[in-house]
Structures are given as C-alpha cells and as structure tokens.
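Visitor: I have a structure here, written as structure tokens, and I will follow up with some questions on it.
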Amino acid sequence: MIRYLIVFALSLFLIGPALAAGGAVELTKRDWSFNGPFGTFDKAAMQRGFQVYREVCAGCHSMKYIAFRNFADLGYNESEIKALAAEYEVEDGPNDDGEMFIRAGIPADRMPSPYPNDNAARAGNGGALPPDLSLIAKARANGPDYLYSLLVGYKDAPSDTSVPDGMYYNNAYSGNLIAMPQPLYGDDVTYADGTTASIEVMSADLTQFLMWAAEPKLEARKRIGVAVVFFLSVFVILSILAKRRVWADVH
Amino acid sequence: MSAEKFQNPVVRWIDHRLPIFSMLDHEKYDYPVPKNLNYMWNFGVLAGLSLAIMIITGIVLAMSYTAHVDYAFEAVERIMRDVNHGWMIRYIHMNAASFFFIVVYIHIFRGLYYGSYKAPRELLWILGVVIFLLMMATAFMGYVLPWGQMSFWGATVITNLFSAIPVVGDSIVTLLWGGFSVDNPTLNRFFSLHYLMPFVIAGVVVLHIIALHRFGSNNPIGIDASGPQDTISFHPYYTMKDMVGIAVFLLLLAIAVFFFPNAMGHPDNYIPANPLQTPAHIVPEWYFLPFYAILRAVPDKLGGVLLMFGAIAVLFVLPWLDRSPVRSARFRPLFRIFFWLLLIDAVALGYLGGKPAEGIYVVLSRIATAWYFLHFLVILPLLSVFETTKPLPKSISEPVLSRSKSANAPLGAGLEPAE
Ligand code: HEM
C-alpha cells in the first residue's frame, strides 16, 4: 500500500497545478525579495512604497490595522516615528468636560482613515468602496503579483469592450472593469533617495509595503522557520537511526 | 499488580494507592503488538498528536480572541500582529487542522485497505467514524471564528442545508443561528461549541483506544497473531517507530507553518465578513470538498443533504457491507483494484467540490458520487461473495521470515505474501 500511495501522492502533486491553472487573467510574476525560505523585505523599497501610499492612495484607502509604531519595521527610528505620527490629526476623548477633541498623533495610534465610515467612502467614490489595504496582499490570490499587475494593468479597452461611466479598463482585475481610476502614471511622487518614480518602480515599492502591512512578521517567521526545519531534520535522521538500532534484533 | 517493580519510593507509594504507573507500564511492555506493522500504523498516534496540538494552540488563542461580530476579525489581527508569537500560534492552529484531516484520511484509508473494520474491530471502527464526524463539526465551527468572508458565507451555506429537513428543518436552522441569520449569537454559540468539542473528541478517542486494546492492532497481513513469536512489546519497538513518524510529521507541519502558512486557506478569509456582499465562489475548507461535491451533485436540496450524510453513514455500516472473511487487501486481488479506484474517486470528488457547480463539473460530480455509493453498496457486498482470495499465510512470522531471507530482492518484493 505504501509504495502505491507514494506514487499516487506524487502524481497528484504533478498534475495538481495543471488542473488548478487556467485562471482568467495573466499576472506578471516577479521575483520578490520576500519570496523563498530566506526572503526578507527591502526596507528602502518599503519606505518608498509608504511614501506613495501616503501621497496617492491614502486619499481613498484606509490602513486600519497599521499603527505608527509599526513603522519601526521599515527602518525608521523612534524620533522619526514620533514626528511622523505628529503630522496626523487624531480624534480622542472624551476629555474631563465630556468633549471629543483633536490632537496630534502619537506612535501608539493607528493610521487615521480618509473617510469616517464606509458609506462616506462609497459616496466619495461613485458608489464603489475602496477596500482597506492593511491585508490586501493576503486577501487576493497571488497577492503580491496581483497587486503589481493591477497597478501597472491600466490599458486602453479593446475596441469590442465598452467601458461604462465611472469604470476603467484593467488587465489584471477580474472582469477587467474596475471602479478605481488609474492611480499611478509615473512621477506621481518625488522620491527622497533619488530613485526614478516610474510606474513600475512605484508599483513594486507599493507591493513591498503592502506585503509588509499584511504580513509584518514574515521575516521573523522565515528566520525561525529555517532554524526549526534544520532542527527537525536532525530529529528525523536521529529517530530513523535510533529506530533501526532498536529494530535490529527483530526478525 | 504489584508495585515492587518501581524503584522510586514516591512512585511506589502512589502506585500502591493509584495504580497509574502500573497501567502505563502495562501498556508499554505487556501490550503485545504484531511485529509486522508498517508505517501506515503511525497515523493513529499522529492523529492523537494533532488533537493535542489543536487543543494546546486553541487554548492559547482563546486567551486573546473575542467572540463578537464587531471584534472577532480585529482580535485575530491583533493576535497576528501584537500578541507575542501570536502569528505562530495561529498559523500552527490553522495548518495543524489541515494536517489533522490529512492524517485521519490516511488513517481511514489504511483501515479500508487492511480491513481493520472487520470483526472483532467493528466498534473500534464505528468510534473512529464518530470521531471523524465530531472533527468535521469542530473544524467547521472553528473556521467561522475569524469572521472573514468565507467564515460568514460558509456558515450561511452549510447551516442553511438543515432547512431542507422536512417539518423541523427551519426550527433547527433558527436554533443553530440563535436568530434569523448568521449573526452575533451564531458566532457566540459556535465559539462555545468549538471549545467544547475537542474534549468530547478526546473522550471518544479514549473509548477508541480501549476498544483497540481489547484485540490489539490489526496488521498488514490481516491475520491474528498466533503466539508470542508474532508479537513484540510496544516499547521500545513501536515507540521508536512512532518517533520516526512524529519527526516527519512535525517537519512537514513546520514547513507549512513557516513557509506556506496560507496555502491551504482561502484569501477571502482575510476580508472581514460582510453580510451584504456574497463572494464570487463560496468554497468550504479543502477537507470538506468531497462531501460538498456530493451535496451539489444532486439537483434536489434535501436529496443532496441526505446523500452527503449518507456518504458517512455507509462508513458506519461498512463492517456489514464487506463480509469477506479475509481482512487485508494483499490477499484480495479484485478488492485491491477497487480500493485504488475508490481513492481516485474520493480525490476526484475533492477536486470537483472546489469547482463551480456548472457544465461538465456537475456531470463528473454525479458520476463520481454514483461510483462512491456503488463501491460501498454494490461492489463490496458482491466481492465478498464472488472474489477468489489468495491463500493466507499460516502466521505473521512466516512472511516476515521469508522477507528477511529475500533481503537482496528488488524494493518491495518482500511485501508480496509468501505462498
Ligand atoms: C482524533 C482522531 C483519531 C485518533 C486520535 C485515533 C487514534 C488511534 C490510535 C492511536 C490507534 C492505534 C493504531 C494506529 O496507530 O493506527 C487507532 C487505531 C484505529 N483507528 Fe483511529 N484515531 C482517530 C480517528 C479514527 C477514524 C476517523 C477512524 C475511522 C473512521 C479510525 C479507525 C481506526 C481503526 C479501525 C483502528 C484500528 C487500526 C488497526 O489496528 O488496524 N480512527 N486510532
């Protein structure tokens, strides 16, 4: 049984992807720095991605699960984070008089949302809801490749497709008609480190940033994973040796 | 049972009054196990290990979880981001659930292949099917807790099935929901039950093991041990052999947890539940897909539900459907072929369950469903009568001995029965 079962499992492994393939849209596959067992984030790219988010996407999209203190992961130090948080206004309260009040942000605050609620967000976007981006990289199949493809995917609609008002044609979006106007055209931001802000670079930077936002513990996970897998591999070998030794006298 | 065999005076004092050490000792050394068990016999212990992992990680998760529709999704994100190593605990709980099902599916198919469900192990088998049912209920309710889109819509689709039951259906659904749709009361009762059920499973596992120890393990040849020359003690032989299985299991689990933690999940569950927006495809967790395919293969809702439960019901009566006196498939050439066809059929059902219910997929689901029932209800009873089985060896030792003689033969040659 075991031999056949192994053959069976292997053949499933081989034909499985063939059966699963054949999605509707073509994604651009990229070799992200965070892929693979030793993958890590590119801090410079994440900082640039954050800049694009702030200057372009944050007008419509919230990132509710990210607090300013989390930006330490991007390589900012404590005083930079304090200064960054202070640039935002946060509602707090009630104070001793029972009033809500506005104060400058502190590192413990989460990033404020552009709209007070979903209905306001819809009203501001022709009825479509710009989703929160904190988890978007995990909330779509092949998240990073999808995000990149989506951001570079705005094209002229083929002549046989009519694009209704308030909709835009996008290669990567399922159904091809998305309610988000093309957010990036190139040179939408000026990078402090002098990197050319082409649409591809900005999209890749945003993808790094959004992947980090969705999976902030990715680096720790892989680092611990390598150690655990190494340890368990030794455990496998030792247990096989021990088992052979114990069984040597059984016939 | 004397306590004299223990050196430690504390152990001896306790054992004299509460003979737990004698009991453990008895299990370890005096419990005879057939000496020819192969690695397929690791999966019972692995199932137990999975259950332990689920209970331990689950209790830790519950410390930071909030069962409320407004906070559940957020609570899980806090576990992932702010609780120390919370991400690890959650990813282990998520992936170990899938591994638990992989292990139990192999465990069940092991039983099917070697005829472990046959007399005198019918009750042992039935308790196993009870465990399997309880596991499915537990996993289903657990998947609702993070309150993502698939949590919500999966719960809605599955609980709605019960409305197909005549007369009492709607009342049952209202009871499950605690209201008139999947909502906060549903989440609360699911959390409560999700916490309770694993301990019920643990209880049934104890019964399962008591039943196992009554007649001991079956073995790849499927004949009873005829004397001490056929058996060895559990410790150290099977403890060491199980150790190999445990090591490999943990290694594979670690690879999933640390490098592909979301591969067996659905991306939609990272979107907070939204009762106003139905996802494009509602699919349950992968381990339910074969049953989901059976459900959708039938055009009638009640019929689908009945068939889906029927798929498990046939397992309960399996010991009386397959009446062949020969247990192991090694000596049943035809049964063996049908066994592999059934496995292919089950995998095909799993594949089809994940596809939209349209066109060719529906046709294939119907064929695969029909084959599933045909196998249990027609083929097995017929085989019990018409199959010519190969001659059985006289004892477990006989083929084991001949195997060690042919040690130079090509891989696996020794696995054939000696004649
Ligand atoms: C929580 C889930 C389960 C646990 C912890 C568990 C545990 C065990 C253990 C420790 C054994 C000892 C033999 C071995 O290692 O294979 C065993 C045997 C067995 N189990 Fe399970 N089991 C579970 C689920 C099931 C299910 C779902 C079935 C079948 C529907 C099943 C059927 C059997 C049978 C027939 C045996 C006897 C095997 C033989 O001796 O050939 N078990 N179980």
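The values are calculated or read from the model by the stated rules, or taken from the named source; none is laboratory data. As the structure is a prediction and not an experimental result, all values here were calculated from the model. Positions of Cβ are backbone-derived with ideal geometry, glycine not excepted, and every protein chain shown enters the neighbour counts.
Visitor: Would you point out the residue of region B:255-267, among those that are surrounded by fewer than 22 Cβ atoms within 10 Å (Cβ to Cβ) and assigned to a helix (DSSP H, G or I), that is farthest from the other protein chains (Cβ to nearest Cβ)?
Guide: B:Ala256
Visitor: Does B:Ser151 count as in contact (Cβ under 8 Å) with a residue 60 or more places away in the chain and within 24 Å of B:Ala256 (Cβ to Cβ)?
Guide: Against the criterion (in contact (Cβ under 8 Å) with a residue 60 or more places away in the chain and within 24 Å of B:Ala256 (Cβ to Cβ)), B:Ser151 qualifies.
Visitor: Can you spot a residue in region B:101-114 that is modelled with pLDDT of 95 or more, over 30 Å from B:Arg336 (Cβ atoms) and out of contact with any Asp or Glu (no Cβ under 8 Å at 6 or more places or on another chain)? Show your work before the answer.
Guide: At the first step, the residues of region B:101-114 found to be modelled with pLDDT of 95 or more are B:101-114.
Filter once more, so that each one left must be over 30 Å from B:Arg336 (Cβ atoms): none.
No, there is no match, as no residue in region B:101-114 is modelled with pLDDT of 95 or more, over 30 Å from B:Arg336 (Cβ atoms) and out of contact with any Asp or Glu (no Cβ under 8 Å at 6 or more places or on another chain).
Visitor: How many residues does region B:333-389 hold that are within 12 Å of another protein chain (Cβ to nearest Cβ) and not in a helix (DSSP H, G or I)?
Guide: Number satisfying all stated conditions: 2.
Visitor: Just the residues that are within 16 Å of the ligand (Cβ to nearest atom) and surrounded by 22 or more Cβ atoms within 10 Å (Cβ to Cβ), please, taken from region B:86-99.
Guide: Within region B:86-99, B:Ala96, B:Ala97, B:Phe99 qualify.
Visitor: Looking at this structure, is B:Gly414 within 31 Å of the chain's Cα centre (by Cα) and at pLDDT below 95?
Guide: Considered against the rule, which asks whether it is within 31 Å of the chain's Cα centre (by Cα) and at pLDDT below 95, B:Gly414 comes out as yes.
Visitor: Consider B:Tyr65 carefully, then state whether it is away from the ligand (no atom under 16 Å from the Cβ) and either under 21 Å from A:Lys138 (Cβ atoms) or within 21 Å of the chain's Cα centre (by Cα) (or both).
Guide: Answer is yes for this residue.
Visitor: Where residues in region A:236-251 are facing chain B (nearest Cβ under 7 Å) and within 15 Å of B:Thr239 (Cβ to Cβ), which of them is surrounded by the most Cβ atoms within 10 Å (Cβ to Cβ)?
Guide: Among those residues, the one meeting the criterion is A:Lys243.
Visitor: Report yes if A:Leu210 is within 14 Å of another protein chain (Cβ to nearest Cβ), buried (at least 19 other Cβ atoms within 10 Å of the Cβ) and touching a helix residue (DSSP H, G or I) at 6+ places or on another chain (Cβ under 8 Å), otherwise no.
Guide: yes
Visitor: Given (1) over 17 Å from the mean Cα position of the chain (by Cα); (2) surrounded by 15 or more Cβ atoms within 10 Å (Cβ to Cβ), identify the lone condition not met by A:Asp42.
Guide: Here A:Asp42 clears every test but (1).
Visitor: Does region A:136-148 include one or more residues that are small (Gly, Ala, Ser), surrounded by 14 or more Cβ atoms within 10 Å (Cβ to Cβ) and over 19 Å from the mean Cα position of the chain (by Cα)?
Guide: No, the conditions are met nowhere in region A:136-148.
Visitor: Tell me yes or no: at least one residue of region B:29-48 is more than 16 Å from the ligand (Cβ to nearest atom) and over 27 Å from B:Leu252 (Cα atoms).
Guide: Within region B:29-48, one or more residues are more than 16 Å from the ligand (Cβ to nearest atom) and over 27 Å from B:Leu252 (Cα atoms).
Visitor: Being closer than 23 Å to A:Ala214 by Cα and surrounded by 15 or more Cβ atoms within 10 Å (Cβ to Cβ) narrows it down to one of B:Val45, B:Val83, so name that one. Walk me through it before giving the result.
Guide: Working: B:Val45 fails: closer than 23 Å to A:Ala214 by Cα.
Just one listed residue meets the conditions, B:Val83.
Visitor: Only one of (1) touching a helix residue (DSSP H, G or I) at 6+ places or on another chain (Cβ under 7 Å); (2) among the hydrophobic types (A, V, I, L, M, F, W, C); (3) assigned to a helix (DSSP H, G or I); (4) under 25 Å from A:Gln51 (Cα atoms) is not met by A:Val189, so which one is it?
Guide: (3)
Visitor: Moving on. Residues that are within 13 Å of chain B (Cβ to nearest Cβ), at least 3 per element: which helices (runs of 4 or more DSSP H) completely within region A:38-156 meet that? Write out each step before concluding.
Guide: Details: elements: A:43-55, A:78-86, A:118-124, A:143-151.
Those helices (runs of 4 or more DSSP H) span A:118-124, A:143-151.
Visitor: Of (1) in contact with a Phe, Trp or Tyr (Cβ under 9 Å, 6 or more places away or on another chain); (2) surrounded by 17 or more Cβ atoms within 10 Å (Cβ to Cβ); (3) at pLDDT 95 or above, B:Leu334 satisfies all except one. Which?
Guide: (2)
Visitor: Separate question: Restricting attention to helices (runs of 4 or more DSSP H) lying wholly within region B:129-239, give those where 1 or more residues are buried (at least 16 other Cβ atoms within 10 Å of the Cβ) and within 15 Å of the ligand (Cβ to nearest atom).
Guide: B:184-215
Visitor: Inside region B:109-128, can you point out the residues that are under 16 Å from the mean Cα position of the chain (by Cα), near the ligand (Cβ under 6 Å from one of its atoms) and more than 13 Å from chain A (Cβ to nearest Cβ)?
Guide: B:Tyr117, B:Leu124, B:Trp125, B:Gly128
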